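Heads up, the thing below is written out as structure tokens.
The values are calculated or read from the model by the stated rules, or taken from the named source; none is laboratory data. No experiment lies behind these values; they were computed from the predicted model shown. Virtual Cβ from ideal backbone geometry, glycine too; neighbours counted across all protein chains shown.
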Amino acid sequence: MDFAQITAFLLISVTLACTPGADWAYIISSALRKQSYQSAVWGLLSGYLVHTALLVCGIAALVASSPTVLMWLTAAGSLYLLWLGISTLRSSKTATFFEVSPEAVADEIDVQKQDRVDSLGGAASRPVALAATTEQRISPRGSFLKGLLTSGTNPKALLLYVALIPQYLDPAMSLPMPVQTGMLGLTHFVVSIAVYFTVAVAARALLRSRPLAARMVTLLSGIIMILLSLGLIFEQLFVAQKIY
């Protein structure tokens, strides 16, 4: 690979990493939670390591050349993405996007109960500490596995690796093809690290202090996931008709 080939691959890699999709939707929804988003992002990135390993071993090309296997893989990935999108939609209704202490949560619940009791008697006005207090906490391991499944089971990512990386392999180089493949796959992995963590940091900095905007973005993220999954499902229905 000469300098021109490496530069071209880097430009395409950055462009693909910067294209919003299911990965971005999951990153943003994770960044708006109270806990750290790092496990979720590393889970997504680990999925790309899986695709790189499959490509180096030749398994990715084998799967891509088998319509039946690819169809079932796509079906599994699309159903998982559908479930994740629905879960994201549900979380947008009750999520809390700014830090509050447990004491503040308990105090606000007591205030709301007392206000309902004293509503006819003219309850004194008291400051509201937060707009929403419930958020389903996901363990770091759970966030990591969700991210891994989101990118690892994405057949579009697998096909992308199969279709893109081989175009930049150079048979004239002294390095074996599997080594070149691994290098290009790891290059995209490094590019994705920079882009994905930038997206996460930006989402948390710009949206976490704006509850309404954050809920709207989370809602949009869930819708994107659902639409992408439905598109994959309908696409595979046509594939199944051709196969059978």
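General observations
- Test result for LEU45, part of a helix (DSSP H, G or I), assigned by TED's automatic domain parsing to the domain that holds VAL179 and touching a Ser or Thr at 6+ places or on another chain (Cβ under 9 Å): yes
- The requirement of being on the phi < 0 side of the Ramachandran plot and more than 21 Å from the chain's Cα centre (by Cα) is satisfied by GLY182.
- Options ILE138, ILE165; residue that is assigned to a loop (DSSP other than H, G, I, E, B) and surrounded by 18 or more Cβ atoms within 10 Å (Cβ to Cβ): ILE138
- Boolean, LEU120 is at pLDDT 70 or above and either part of a helix (DSSP H, G or I) or over 23 Å from TRP24 (Cβ atoms) (or both): no
- The stretch 17-50, subset among the aromatic types (Phe, Trp, Tyr) and buried (at least 23 other Cβ atoms within 10 Å of the Cβ), residue nearest to the chain's Cα centre (by Cα): TYR26
- Test for ALA53: is it assigned by TED's automatic domain parsing to the domain that holds GLY142, modelled with pLDDT under 85 and either among the small types (Gly, Ala, Ser) or surrounded by 16 or more Cβ atoms within 10 Å (Cβ to Cβ) (or both): no
- Candidate set from the stretch 168-211 (those that are basic (Lys, Arg) and buried (at least 17 other Cβ atoms within 10 Å of the Cβ)); member that is nearest to ALA53 (Cα to Cα): ARG204
- Sub-6 Å Cβ pairs linking a first residue in the stretch 42-63 that is under 20 Å from CYS18 (Cβ atoms) to a second residue that is among the charged types (D, E, K, R), at least 6 apart or interchain, are LEU44/ASP23, ordered by first then second residue.
- Being touching a residue at least 12 places away in the same chain (Cβ under 8 Å) and within 28 Å of PHE3 (Cβ to Cβ) holds for only one residue in LEU175, LEU169, and it is LEU169.
- LEU175 at pLDDT 50 or above and assigned to a loop (DSSP other than H, G, I, E, B): yes
- Residues located in the stretch 185-220, provided they are of a type in the set (Ser, Thr, Tyr), in a helix (DSSP H, G or I) and either over 16 Å from the mean Cα position of the chain (by Cα) or modelled with pLDDT under 75 (or both): THR187, THR218
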